[in-house]
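Just so it is clear, none of the values below were taken in a lab; they were calculated from the coordinates. All values derive from a computational prediction rather than experimental measurement. Neighbour counts run over all protein chains shown; Cβ positions are idealised from the backbone, glycine included.
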Amino acid sequence: MISIQEMKKRLPKEFMNNLSEMFSPIVIDKIVAGMINDRYTTLRVNTIKYTALKFIQYCKEHNIKFERVIWYQDAFIIKNMKEKEIQKLDIYEKGYIYLQSLSSMIPPIVLNPKPKEKILDLTAAPGSKTTQLSALMENQGHILANELDKIRCERLKYNVDMQGAKIVEVVNGRGEKIGEKYQKMFDKVLLDAPCSGEGRFCARNVMSYRNWSLKTVKDLSKLQKKLIESAYKALKPNGIMVYSTCTLNKEENEFILNWAINNLQLKILDIEVDFQKALPGFSEDLDVSINKSIRILPSKEMEGFFVAKLKKI
């Protein structure tokens with residue numbers, strides 16, 4: 001395993017400069033350590049087909065060591081198996097469980113969809129959050145799951161079918177255009193935006209950070225503004241939107257929120273679920289309400305993530 005200092009040298013210089021502007025040296029070391037250490041395998045029980053209690057019994061029968069996640073009763077940390085081993089289990093092949101990072105499970109929980117609501121998942125592939133939304137809704141209501149890339153769209157359809165998420169309608173189109181087509185049609189919108197992926201940088205996978213650049217961050221922030229405006233248009237009045245990314249910088253997170261609440265009729269709401277070790281968003285020189293958003297730092301259990309809850313007013 002490489003050292004924290006060695007990993008710092010490998011990561012893009014501009015990325016490290018960004019971290020230095022945001023965090024103390026101690027926190028930066030924790031972030032980099034989270035990129036070096038192998039993460040535990042984590043999964044979610046698909047409650048459309050299975051139950052957490054049945055999964056616990058299955059684990060006991062098959063000597064699978066697990067830890068239940070405090071803030072989500074259907075999520076589990078697996079201590080003695082890798083993803084490839086989980087994929088060989090019959091309960092995986094039947095769609096009873098879904099391999100998913102814990103951080104990825106946070107946005108649907110914050111959105112808190114209810115049965116019979118109309119939900120838009122604006123950038124949906126590969127379907128982790130889409131199928132989680134369906135399970136949280138007890139497979140009642142309607143989810144429009146949009147994806148731009150045709151190949152990823154096919155993967156989305158496969159996962160939706162495998163999980164038995166019958167309320168999901170998959171469409172292939174540009175997220176920036178969805179708001180115009182479906183104006184004021186949805187109770188809630190999930191925008192897990194395309195991002196620079198800093199929260200998923202991994203020492204074992206050089207490609208996870210090799211292509212990162214400040215230009216990419218700037219280009220993505222322009223797209224994110226278009227997507228959040230599209231999501232806003234698709235929301236009914238008083239509707240709820242969750243904006244999330246798997247990146248750490250302010251430009252794709254706090255700055256997007258600041259732009260949105262200054263240019264659209266949106267306000268930021270408190271996130272009422274207590275996610276362990278979540279940090280408040282940075283609001284210095286920005287709207288003070290941005291500190292209601294949360295940032296998850298990379299660790300042995302979690303990928304880096306950013307989540308905010310907004311209301312259309």
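I want the antiparallel fraction of DSSP beta bridges within the chain, as a percent rounded to 5.
If I count the DSSP bridges inside the chain, around 60 percent turn out antiparallel.
What is the gain in length, in nm to one decimal, between residue 226 and residue 9 on full extension, counting 0.36 nm per residue of separation less the C-alpha to C-alpha distance?
Between residue 226 and residue 9, full extension yields 74.7 nm more.
If you stretched the chain out fully between residue 22 and residue 112, how much longer would it get, using 0.36 nm times the residue separation minus the C-alpha to C-alpha distance?
Here the segment from residue 22 to residue 112 would lengthen by 29.4 nm.
Specify which residue in the list 31, 298, 243 is farthest towards the positive end of the charge dipole of the chain, using unit charges on the beta carbon of Lys, Arg (+1) and Asp, Glu (-1), about the Cα centre.
Toward the positive end, the furthest listed residue is 243.
Taking the chain as a Gaussian network, Cα atoms linked when under 10 Å apart, which of 214, 102, 122 shows the biggest mean-square fluctuation?
214
Starting with the fewest neighbours, write out 22, 241 ranked by other beta-carbon atoms found within 10 Å of each beta-carbon.
Ascending Cβ contact count within 10 Å gives the list 22, 241.
Might you report the magnitude of the Cβ-based charge dipole of segment 40-100 about its Cα centre, with Lys and Arg at +1 and Asp and Glu at -1, to the nearest 20 debye?
About 40 debye.
Measure of size requested: the Rg and Dmax of the chain, with Cα atoms as the atom set and Å as the unit; please supply both.
19.0, 55
Name the residue farthest towards the positive end of the dipole of the chain from the options 168, 288, 206, assuming +1 on Cβ of Lys and Arg, -1 on Cβ of Asp and Glu, about the Cα centre.
Checked the options; the winner is 168.
Could you work out which residue, out of 253, 37, 139, moves most in a Gaussian network model of the chain, that is, has the largest mean-square fluctuation with Cα springs under 10 Å?
In this elastic network of the chain, the residue with the biggest mean-square fluctuation among 253, 37, 139 is 37.
At 0.36 nm per residue, minus the direct Cα-Cα distance, what do residue 52 and residue 276 gain on full extension? Give it in nm, one decimal, please.
Here the segment from residue 52 to residue 276 would lengthen by 78.5 nm.
In what order do 195, 153 fall by count of nearby beta-carbon atoms within 10 Å, going from fewest to most?
153, 195
Tell me whether segment 155-313 comes out rounded, prolate or oblate; compute the Cα gyration tensor, take square roots of the eigenvalues as a ≥ b ≥ c, and use a/c under 1.5 as the rounded threshold.
rounded
Which residue fluctuates most in the GNM of the chain (Cα springs below 10 Å): 215, 116, 157?
Highest fluctuation of the listed residues: 215.
Please report how far the C-alpha centroid of segment 178-224 lies from that of segment 1-56, rounded to the nearest whole angstrom.
Between the Cα centres of segment 178-224 and segment 1-56 lies a distance of 18 Å.
Report, in debye and to the nearest 20, how large the dipole of the chain comes out about its Cα centre when Lys and Arg carry +1 and Asp and Glu carry -1 on their Cβ.
440 debye
What helices does the chain hold that run 24 Å or longer along their axis, going by alpha-carbon atoms, with a Kyte-Doolittle average of -1.0 or more, using DSSP H for the helix calls?
Those that clear 24 Å and a mean of -1.0 are 214-234.
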